[in-house]
Amino acid sequence: MNPAAPRVLVIDDEAQIRRFLDIGLRAEGYQVVLAANGAEGLGLAATQSPDLVVLDIGLPDMEGHDVLRELRTWSQVPVVMLSVRDAETEKVKALDNGANDYVTKPFGIQELMARLRVLLRQSAKAGQAEAPVRYDEGGLVVDLARREVFLDGVAVALTRKEFAVLAMLVRHPGRVVSQQQILRDIWGPTHTQDTHYLRIVMGKLRQKLGDDAAAPRWLKTEPGVGYRFPAH
């Protein structure tokens with residue numbers, strides 16, 4: 001697989017559709033990332049830097065419309081919505097929420113590929129394709145595109161959850177990200193009250209980054225609300 005090939009994130013709860021799109025997209029030369037629900041999809045969108053998202057409306061944990069609204073708070077990546085619902089009101093709702101296109105199931109793979117090519121061309125032409133996010137200040141380097149973290153030139157080994165939390169904060173520089181939002185997007189919607197999970201991960205992150213909780217440089221706590229990463 002060409003590492004420079006566009007990366008497509010597919011968020012769909014139907015295993016058959018995921019397999020169908022995985023095979024079809026890879027055959028066309030795309031990199032493919034798969035998610036089976038909204039929370040997983042948002043987490044991958046935050047850490048995998050997709051060039052385009054294919055998003056199903058009917059997901060088991062949250063509506064695709066809700067996933068799209070959350071995604072649009074921090075990303076302008078092109079999104080194609082998929083749905084068995086062909087009513088005009090559904091299409092209008094998707095487009096109003098920030099979708100770039102809408103495809104009704106069942107669909108032909110060649111039609112979908114044509115729509116994806118159009119969106120990728122438009123995105124590149126308009127200069128809207130998101131650049132890889134990279135933080136590099138004060139000895140700390142966080143490269144989300146490469147999934148690498150360095151402190152004073154030394155690689156920092158993070159677990160999947162630790163990296164996902166750090167990536168989410170880095171993608172919202174200067175903004176307070178609530179505990180519930182982090183837990184919902186990374187652990188899932190049934191864990192929004194499990195703040196002890198997040199406290200453990202934040203404690204380990206601070207330890208690995210040499211960040212003093214009493215006077216943090218990078219992982220700032222907003223008591224009772226959430227966490228904030230400094231603006232670049």
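The values are calculated or read from the model by the stated rules, or taken from the named source; none is laboratory data. Since the model is a prediction, treat every value here as computed from it, not as a measurement. Here the Cβ positions follow ideal geometry from the backbone for every residue, glycine too, while neighbour counts run over all protein chains shown. Please note that ligands, DNA and RNA were not included when accessible areas were found on the heavy atoms of the full protein model with its side chains. Shrake-Rupley method; radii C 1.70, N 1.55, O 1.52, S 1.80 Å.
Observations, loosely collected:
- Distance distribution P(r), the chain, all Cα-Cα pairs, bin width 10 angstrom from 0: 7, 32, 33, 20, 7, 1 percent.
- When Tyr102, Tyr197 are compared by accessible area at a 1.4 angstrom probe, the order from most to least is Tyr197, Tyr102.
- For the chain, accessible area per residue (1.4 Å probe, heavy atoms of protein chains only), Å²: 48
- Percent accessible area from carbon and sulfur atoms, the chain, protein chains only, probe 1.4 Å: 50
- Simple Cβ-charge dipole of the chain, Lys/Arg +1 and Asp/Glu -1, about Cα centre, in debye nearest 20: 440
- Rounded to the nearest 10 degrees, the inclination of helix 160-170 to the longest alpha-carbon principal axis of the chain is 90 degrees.
- By average C-beta atoms within 10 angstrom, highest first, the peptides 74-82, 136-144: 74-82, 136-144
- Efficiency of FRET between Arg147 and Ala15 - r from beta-carbon atoms, R0 25 angstrom, step 0.05: 0.45
- Each semi-axis of the equivalent ellipsoid for segment 170-221 is √(5λ) with λ an eigenvalue of the Cα gyration tensor; in descending order they amount to 20, 13, 8 Å.
- Mean residue ellipticity (222 nm) of the chain, computed from DSSP H runs ≥ 4 via -39,500 (n - 2.57), nearest 500: -11500 deg cm²/dmol
- For the chain, the longest principal axis of the alpha carbon atoms and the long axis of helix 15-27 meet at an angle near 90°.
- Pairs of Cα atoms nearer than 8 Å and 6+ residues apart set the relative contact order; for segment 1-158 it is 18 percent.
- The mean sequence separation of alpha-carbon pairs under 8 Å and at least six residues apart, normalised by the residue count of segment 115-232, gives a relative contact order of 22 percent.
- The long axis of helix 38-48 is offset from the longest Cα principal axis of the chain by roughly 70 degrees.
- Taking only Cα atoms of segment 30-112, radius of gyration then Dmax in Å: 12.0, 33
- Global form of segment 69-194, assessed from the alpha-carbon gyration tensor, a/c cut-off 1.5: prolate
- Percentage relative contact order, segment 161-219, counting C-alpha pairs under 8 Å, at least six apart: 28
- Against the rule of thumb 2.2 N^0.38 Å, how large the Cα Rg of segment 1-71 comes out: 1.04
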